[in-house]
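S.K.: Handing you a structure now.
The values are calculated or read from the model by the stated rules, or taken from the named source; none is laboratory data. Keep in mind the model is a prediction, meaning the values are calculated, not measured. Cβ atoms come from the backbone with ideal geometry, glycine included; neighbour counts cover every protein chain shown.
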There are 2 protein chains.
Amino acid sequence: MASMRNDLEPFFKPRHIAIVGVTRSESGFGGMSFLQKLQEASFPGTLYCINPKATEIRGLPAYPNLSSLPLVPDLAMVCVAAAHVPAVLEECGRIGIRYIHILTSGFKEIGTEQGRQLEEQIAFIAKEKGLLIIGPNCMGPYCPASGLTAWGAIPGAPGPLGVISESGSITQRLTEYAYSLGIGTDKAVSVGNGTVLNSLDFLEFMGQDEGIRVIALYIESMRDGRRFFDLVRGINKRKPIIAWKGGKTEVGARTATSHTGGMAGEQMIWEAVFRQTGVIQVSSLDEWMDAVSAFALLPPPGSRGVFLIGGGGGTSVVSSDTCIHEGLDVPSPSSATMKKLRETVPAVGSIAGNPLDDWQTFVNPAYFGAILDLVCREPAMGMVIVSRLISRKAFHTSSLPDSIPETIEQVKQRENRKPVVFVVDSEGGDPELAAQGASLRAEFGRGGIPAYPSVKRAARALIHLYRYYKRLDQINILRVIQER
Amino acid sequence: MASMRNDLEPFFKPRHIAIVGVTRSESGFGGMSFLQKLQEASFPGTLYCINPKATEIRGLPAYPNLSSLPLVPDLAMVCVAAAHVPAVLEECGRIGIRYIHILTSGFKEIGTEQGRQLEEQIAFIAKEKGLLIIGPNCMGPYCPASGLTAWGAIPGAPGPLGVISESGSITQRLTEYAYSLGIGTDKAVSVGNGTVLNSLDFLEFMGQDEGIRVIALYIESMRDGRRFFDLVRGINKRKPIIAWKGGKTEVGARTATSHTGGMAGEQMIWEAVFRQTGVIQVSSLDEWMDAVSAFALLPPPGSRGVFLIGGGGGTSVVSSDTCIHEGLDVPSPSSATMKKLRETVPAVGSIAGNPLDDWQTFVNPAYFGAILDLVCREPAMGMVIVSRLISRKAFHTSSLPDSIPETIEQVKQRENRKPVVFVVDSEGGDPELAAQGASLRAEFGRGGIPAYPSVKRAARALIHLYRYYKRLDQINILRVIQER
């Protein structure tokens, strides 16, 4: 499909969508749920339902087949049973629908001879008719800016994120997660079995897409190692690729084969590719999302040193341990800064230094801003983690004053100077606390500041950020030397 | 204090408590907040407030000093400023109060000469008068069964957990966390600077306390390595000690010194002690709590193999990776089991095997029970992780039927056969989802089944469980061989 790689944009901006295979029952998953979600999200284009047994579905006229439509749609979403898919593709070819997403499962991934043959038919018809196909066995394209949110959180929000994934549920969860934290998605695609168009085609496409600043990639199989290597090496210098490799272990790989029908590559080769290309490697949904928010929202850090503003004595101790364990430094402040801290930090019940344990930073935004200024002057402090207190039953504070808007303002005033992230740790098993913590983190996120549920997750996101930009610096220095 | 180590029980069962230093202002932290919490929790004994400037506080008569009380209290909680603490201790000695908790900070931990001298005075008076003292600079004792919950979640619940900690906030958070998940605490103590009684004294005490089945220990400093080694080696054979060492890194240790005034021991020595004694080592609050619930609720696993019941194709792939990364196995089912699975698991959209991806396990408790029976028959499957689906905006299920009570019942019917845990992953930034997930996990917890927010955390808890019992088995086998 090499000649068509730059031609994928229309998948994400359809004005006329045909959904092939919409049942009349409102429950269940498939064409009907796509129709429901697109209607709920007020898709601005036209939706055509294909169902030979219906005349009307959810207020829209239904058509017996694609050929009877009043026009040629830009995109067909194919949701009929696997055995009927080849006939639908033939019809697409006949009437000139080039962009097709196949949701249907039951091909190579189920391991039967029939499944394998059906998938070969898809590839054959696509080649013969010049069809561009996403799938089968996947959730397909997603683009909030054009109202294309057949799956995913409603309302979708546009933003700097591009997502390419070989798992539908994982794609859905990441886009939903990003939306909840105030980070929008430019385009996402779940590629499934990748019979015609695969992850690499969309990687190449998103690498050139100027609206996308951060690429999140979930990949299980390696089909063309050389192309993968060249692509990620080139793109990762311009925009960070945050990759989650599923099927790292033998069992995971065995499961991956039943999942998307691809053979999982050898983990050692993957490791080498990730290392040599500088791709950011993560291994869980949380770590993926955490890195995405760091790269989407933060400036490059100047050093690996972190200034910790902690919440309590024991917490300060273990937060330092955690940061260092994750690869950050927790440097001592200079004597000038220590002198200033000792002037304002209470001697009893607080700790002046790094970590700084001083309740005034939580209740007095101006004081917090002054501390940030102190930190910004110290070259050794490349980043700041603020472990935000939260009211708890177990603590003696019934409530803390809501100084978050002013606190966000203090950080924004110093924007682009040093990365500042918050930790709102609301774990503790209590549902009310869990909701409160998620709300506070989302409030920071919507304010443009990453907020994490633990110091460990904040530190992991920041070390990814640090290493990525450090490597870019080294590449640039090398280039300058070579160009002399 | 060697002769008094077995004499610590009265700290946790006081009938008459004097709170020394109760301000008249209802806000803030200190004697007043202790009084409030004890009153709110309906402490069944008598509370005496000491304040020379008041005659009545929150409906109770106030007394100018301990000597003017109508009787000698079992426990004094000292909350006056540091400089006044020695005089209060002298008075305790004079009138015969032996059990004392000092909340006050401002001693060795602040690093001043005055602080150091005041702390030496505490030690001196204690020795001279034969006082048993918890603190200073700590939250002190906690025992829900006797209504002693001057701090901590309300209502406290009795249960199998013992907590010993050198951080007040960390102790509070663990007991609150355990309560929220349905696991009660028998006794907890925050020891602070440990001037008179330290962590090891309480470790020895809780090791002999029959009500305590699991000990959670947060420790920063090592004062008597030999005693620590001997104690944990002996106790850990009878009941698991789950230890979190704060101040693992140089910076953490530096902070620990300002926190509880103790010098943090060398990490290498700690590692050796943990390894040789088989103490379960954790490094975050979540991991600590996760291990506590596993040990409190689960039978010993027979092997390190885990049977995964997953939630989606991609999730099954990465769950396998995660379990293996944490040290578990994900063995293939026997051919007899595979035959049975293939008969019932749908070919399209599901995966028969290990992991098992089959939506029927979530909606049909009897079917889930039949799967458990299959697993229980396989010696290679030592444990079960069920990754429970949760309704999400991004998914097409608007709601799932609530089959949790029946699902819990299915597990309980097979209790003591194999450890079964659930994962309810509600991360995704959405406050409502976060609350819903926490509620579901708590529902499982109250049903006696551990439920974790991620496969990673479940796997980590289970590998701790497996390794602990595996080591006990080896010790027992060795003993049998030696006794022959």
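S.K.: Mind counting the residues in segment B:434-478 that are part of a helix (DSSP H, G or I) and within 29 Å of residue B:274 (Cα to Cα)?
M.R.: Summing the residues that are part of a helix (DSSP H, G or I) and within 29 Å of residue B:274 (Cα to Cα) in segment B:434-478 gives 25.
S.K.: Something else: Quick check: is even one residue across segment A:278-296 more than 12 Å from chain B (Cβ to nearest Cβ), in a helix (DSSP H, G or I) and at pLDDT below 95?
M.R.: Scanning segment A:278-296 turns up no residue that is more than 12 Å from chain B (Cβ to nearest Cβ), in a helix (DSSP H, G or I) and at pLDDT below 95.
S.K.: Any residue at all in segment B:185-208 that is at the interface with another protein chain (Cβ under 10 Å from one of its Cβ atoms), touching a residue at least 60 places away in the same chain (Cβ under 8 Å), within 24 Å of residue B:137 (Cα to Cα) and crowded, with 21+ Cβ neighbours inside 10 Å?
M.R.: For segment B:185-208, residues at the interface with another protein chain (Cβ under 10 Å from one of its Cβ atoms), touching a residue at least 60 places away in the same chain (Cβ under 8 Å), within 24 Å of residue B:137 (Cα to Cα) and crowded, with 21+ Cβ neighbours inside 10 Å: present.
S.K.: When you scan segment A:439-463, how many residues do you find that are under 21 Å from residue A:158 (Cα atoms) and within 12 Å of chain B (Cβ to nearest Cβ)?
M.R.: Total meeting the criteria: 9.
S.K.: Also: When the residues of segment B:329-345 are filtered to those that are in a loop (DSSP other than H, G, I, E, B) and at the interface with chain A (Cβ under 10 Å from one of its Cβ atoms), which remaining residue is surrounded by the fewest Cβ atoms within 10 Å (Cβ to Cβ)?
M.R.: Filtering segment B:329-345 for residues that are in a loop (DSSP other than H, G, I, E, B) and at the interface with chain A (Cβ under 10 Å from one of its Cβ atoms), the one surrounded by the fewest Cβ atoms within 10 Å (Cβ to Cβ) comes out as B:332.
S.K.: Still on this structure, please answer the following. I want to confirm something. Restricting to segment B:13-48 and keeping residues that are surrounded by 19 or more Cβ atoms within 10 Å (Cβ to Cβ) and aromatic (Phe, Trp, Tyr), which single residue is farthest from the chain's Cα centre (by Cα)?
M.R.: Filtering first and then ranking leaves B:48.
S.K.: If you go through segment A:297-325, how many residues are of a type outside the set (S, T, N, Q), assigned to a loop (DSSP other than H, G, I, E, B) and away from chain B (no Cβ under 11 Å)?
M.R.: The number of residues fulfilling the criteria is 6.
S.K.: While we're on this one: Select from segment A:347-391 the residues that are assigned to a loop (DSSP other than H, G, I, E, B), over 19 Å from residue A:329 (Cβ atoms), under 33 Å from the mean Cα position of the chain (by Cα) and without any contact (Cβ under 8 Å) to a residue 60 or more places away in the chain and list them in ascending order.
M.R.: A:390, A:391
S.K.: Give the residues of segment B:182-197 that are within 18 Å of the chain's Cα centre (by Cα) and part of a loop (DSSP other than H, G, I, E, B), sorted by residue number.
M.R.: B:182, B:183, B:184, B:191, B:192
S.K.: Something else: It is to be established whether one or more residues within segment A:94-113 are touching a Gly at 6+ places or on another chain (Cβ under 9 Å) and aromatic (Phe, Trp, Tyr).
M.R.: Yes: segment A:94-113 contains one or more residues that are touching a Gly at 6+ places or on another chain (Cβ under 9 Å) and aromatic (Phe, Trp, Tyr).
S.K.: Of the residues in segment B:108-128, how many are more than 31 Å from the chain's Cα centre (by Cα) and away from every other protein chain (no Cβ under 14 Å)?
M.R.: 7
S.K.: Could you tell me which of the residues A:124, A:107 is surrounded by fewer than 20 Cβ atoms within 10 Å (Cβ to Cβ) and among the aromatic types (Phe, Trp, Tyr)?
M.R.: From the options A:124, A:107, the qualifying one is A:124.
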